[in-house]
1. Using just the alpha carbons, could you tell me how many Å³ per residue the convex hull of the stretch 53-104 encloses?
2. So for the stretch 58-156: antiparallel DSSP bridges make up what percent, rounded to the nearest 5?
3. Share of antiparallel DSSP beta bridges in the chain, in percent to the nearest 5?
4. At Leu15 and Asn118, where each label point lies 7 Å from the Cα along Cα→Cβ, what is the point-to-point distance in nanometres?
5. At 0.36 nm per residue, and after removing the present C-alpha to C-alpha distance, how many nm does the segment from Arg88 to Phe109 gain when stretched out fully?
6. Expressed as a rounded percentage, what relative contact order does the stretch 1-103 have, with Cα pairs under 8 Å and six or more residues apart?
7. Got a number for carbon plus sulfur as a percent of the chain's accessible area, 1.4 Å probe?
8. Can you list the lysines whose alpha carbon sits under 25 Å from that of Lys61, skipping same-chain ones fewer than 8 residues off?
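The values are calculated or read from the model by the stated rules, or taken from the named source; none is laboratory data. Remember, it's a predicted structure, so these values are computed and weren't measured experimentally. Using ideal geometry, Cβ is built from the backbone for each residue, glycine included, and neighbour counts are taken over all protein chains shown. Note: areas computed on protein heavy atoms with side chains; ligands, DNA, RNA excluded. Shrake-Rupley method; radii C 1.70, N 1.55, O 1.52, S 1.80 Å.
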Amino acid sequence: WVPELVKIAGGIDELGRERGEAVRIPWDEIAAWAPEVLLIMPCGFNLEQTMKQVWSVFGRKTSSPFFDLPAVRNNRVYAVDANSFFARPGPRVVEGAELLAQLIHPELFDPSTISFSNSFQAIDIPQLKGELTEGRDYYTEGGAMVFTASYLQRRGYCCSSGCRHCPY
């Protein structure tokens, strides 16, 4: 039902199959389609699990075709809480359509009325590539690099390393 939800939300999903089972889509097909907006929502994953997956697959790998996608170049890549909104049929699927509409067409919504702020996270592409800014992303203390709360929040998950500024 996700291709149908994308359609309802005003998007176009040329790779998904309406009224069919979900299928794996190879990256070369995604690259050939060149999406303007990319929503990453692995089935059954909550937002933190999705962010971990994003980092595991794309983190610090600047040569991936992922980084050539128009959505990536224009910072229109979002991790979504698929478990809450897209993994099973029910009333929350309607909210999932609303969430998709807000991500696909943000210009149609007043930013102060975005109601799903804890359900998605924009992927910080420079951070994903490993581009760090001293002060914003880290500081040095006693010869060690210490990540800031801002960096950790934008990364989107806890690594269980006991980071001093971990917001999770």
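1. Numbers: hull volume 4.4 nm³, N = 52.
Spelled out: Cα convex hull of the stretch 53-104, divided by residues, is 86 Å³.
2. Working: 7 of 8 bridges.
Antiparallel bridges make up about 90 percent of those DSSP assigns within the stretch 58-156.
3. On the way: 7 of 11 bridges.
For the chain, the DSSP antiparallel bridge percentage is about 65.
4. Each label point lies 7 Å from its Cα, and together they span 3.0 nm.
5. Values: separation 21, 0.36 × 21 = 7.56 nm, distance 2.64 nm.
In short, 4.9 nm is gained.
6. Details: 117 pairs, mean separation 35.6, N = 103.
It comes to 35 percent, rounded to a whole number.
7. On the way: 5050 of 9770 Å².
Ligands and nucleic acids excluded, carbon and sulfur give 52 percent.
8. Hits, sequence-local ones excluded: Lys52, Lys129.
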